[in-house]
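First the structure, in the form of structure tokens, and then the observations on it.
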Amino acid sequence: MADETTQAGHDPFSALLVDTVRCVRFYSRIPVPALPFEGDPHGVPDFTRIVRMLPVASLFIALPATVTAILAASIWGPWLAALLAICVSVWSTGAFHEDGLADTADGFGGGATPERRLEIMTDSRVGTFGAAAIALSILLRAAALAEIIGDLGPGGAALAMLAAAPLSRSAGLIPLHRLPNAKPDGKSAAVGRPGGRALTVCISLAIVIAVLILQGAEISPLQGLLAVAASLVVALPVVALSRRMIGGQTGDVAGAAQQVSELAFLLVIAAAAAMV
């Protein structure tokens with residue numbers, strides 16, 4: 001990505017802005033115009049660097065769903081508002097993470113060997129394991145969000161969604177960093193593995209953003225820190241399972257880790273909200 005830094009005129013702010021918009025483009029369907037100082041806006045992103053701005057990009061990606069939660073909760077009950085917010089979230093990302101979860105569930109659940117599991121994960125069709133995984137993910141996240149809306153109000157739920165966005169996407173990078181590419185020609189191999197420095201910056205920034213956001217919610221700092229820790233720690237079992245099942249990682253595994261992380265965060269926040 002050194003060429004992009006050069007095209008940005010060696011301006012650190014311009015380089016960070018380029019990294020942010022590239023993350024938004026990669027992780028969502030939200031249209032972002034090409035920047036005047038940007039190189040190829042449709043080029044393959046370089047995850048060895050741009051992930052440092054993923055937490056900031058995640059806030060923009062989560063905005064449509066958070067606004068939906070607030071508006072819907074002013075008209076309907078918590079459950080319908082939560083489901084509509086999740087629907088908008090899925091639309092905003094093009095079901096990017098849900099697709100990864102489904103492929104991972106199908107491959108890990110239906111294959112007997114690493115080779116067969118990778119073959120299943122590459123298949124565009126969704127099997128029983130994948131369909132069940134998507135349904136459970138949406139239902140559980142919606143249920144947790146509905147609980148948060150009921151206990152903390154629409155504003156508290158919006159804060160929880162905003163805090164979950166950078167944390168869960170940062171957690172999705174952990175398998176990419178800790179494991180080798182299981183498919184040399186896969187998407188994760190094409191974008192590059194996040195380096196230790198870039199991942200450290202990404203996770204640190206995500207934690208800071210989440211902690212600051214959660215200060216506006218009616219939960220204790222300790223409860224907020226527990227939710228932050230849970231959202232990141234749950235990526236480690238995904239890493240271990242992926243290593244055992246396919247001997248490495250793929251972009252689908254990253255999507256599965258994001259889904260598990262987001263759910264863990266919302267469940268802890270829902271439990272904390274119930275104690276208020």
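Tabulated data
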{"quantity": "Only listed residue being of a type in the set (Gly, Ala, Ser), more than 30 Å from residue 17 (Cβ to Cβ) and without any contact (Cβ under 8 Å) to a residue 12 or more places away in the chain, chosen from 105, 72, 112", "calculated": "112"}
{"quantity": "Qualifying residue in region 238-257 (condition: surrounded by fewer than 24 Cβ atoms within 10 Å (Cβ to Cβ), of a type in the set (Lys, Arg) and under 16 Å from residue 104 (Cα atoms))", "calculated": "yes"}
{"quantity": "Evaluation of residue 37 against (1) farther than 29 Å from residue 146 by Cβ; (2) crowded, with 22+ Cβ neighbours inside 10 Å (one fails), failing number", "calculated": "(2)"}
{"quantity": "Options 98, 115, 119: the member that is touching a Gly at 6+ places or on another chain (Cβ under 9 Å) and more than 30 Å from residue 214 (Cα to Cα)", "calculated": "119"}
{"quantity": "Enumeration of residues in region 95-114 that are more than 24 Å from residue 265 (Cβ to Cβ) and in a helix (DSSP H, G or I)", "calculated": "106, 107, 109, 110, 114"}
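Conditions (1) more than 18 Å from the chain's Cα centre (by Cα); (2) aromatic (Phe, Trp, Tyr); (3) more than 22 Å from residue 173 (Cα to Cα), marked per residue:
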position	(1), (2), (3)
45	no, no, no
74	yes, no, yes
114	yes, no, no
122	yes, no, no
137	no, no, no
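Each value in this text was obtained by applying a stated rule to the coordinates, not by laboratory testing. Predicted model only: the values in this text are computed from it and were never measured. Counting neighbours? That spans all protein chains shown, and the Cβs are built from the backbone with ideal geometry, glycine included.
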